[in-house]
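Step one of this worksheet: look at the structure below.
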Amino acid sequence: MRKNVQSPLSHPEETPRKAVALGYRKGVENAPRILAKGRGEIAKKIIQIARNKGIPIQEDPVLVGLLSEVDLNQEIPPVLYKAVAEVLAFVYRLREKQAPHPARNAP
């Protein structure tokens, strides 16, 4: 699951205006889909769940606005593929940095 939020993330106590959660199962789905979306307190809950599960969060108010127009459980439209691909690349880079690396001299 991926998260994309519109919020000053440096101030987690503030209620974000909007949040959208994306999910993508490579080889199963053709494109990422909308797992959750909301405003106000619902957006805050989406972000809280992401933080608790260690899911990367990226701020992009314009993209969140566009993704908010997509129905729940629907794949994102092709016009948003490039923008969402950039979000996924961000997430994958973060995960690579956080992944434990095997010992270099392991037997």
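Just so you know, all these numbers are worked out from the coordinates, no wet-lab data involved. These figures come from a predicted structure and were not determined experimentally. All Cβ positions, even for glycine, are placed from backbone atoms using ideal geometry, and neighbour counts span all protein chains on display.
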**OP:** Per residue of the range 53-67, in order, report the coupling 6.51 cos²θ - 1.76 cosθ + 1.60 (Karplus, θ = phi - 60°) as ³J(HN,Hα) in whole Hz, putting x for Gly and Pro.
**Re:** 9, x, 7, x, 10, 10, 8, 7, x, 5, 5, 4, x, 5, 5
Original post:
Using the 10 angstrom Cβ neighbour count as an exposure proxy, how do Val91, Val79 rank, fewest first?
Top reply: Val79, Val91
Original post:
So, counting K/R as plus one and D/E as minus one, what does the shell of residues with Cβ under 10 Å around Arg33 add up to?
Top reply: -2
**OP:** Could you tell me whether the range 2-98 comes out rounded, prolate or oblate from its Cα gyration tensor? Rule is a ≥ b ≥ c as square roots of the eigenvalues, rounded for a/c under 1.5, then prolate if a/b exceeds b/c, otherwise oblate.
**Re:** oblate
Original post:
So what's the net charge close to Gly65: Lys and Arg +1, Asp and Glu -1, counting the other residues with Cβ under 10 Å from its Cβ?
Top reply: 0
Subject >> Placed amide H near Gly38: partners under 5 Å, 5+ positions off or other chain >> reply: Ala19
Original post:
Got a sec? How would Arg93, Arg25, Arg33, Arg39 order by Cβ neighbour count within 10 Å, fewest to most?
Top reply: Arg25, Arg93, Arg39, Arg33
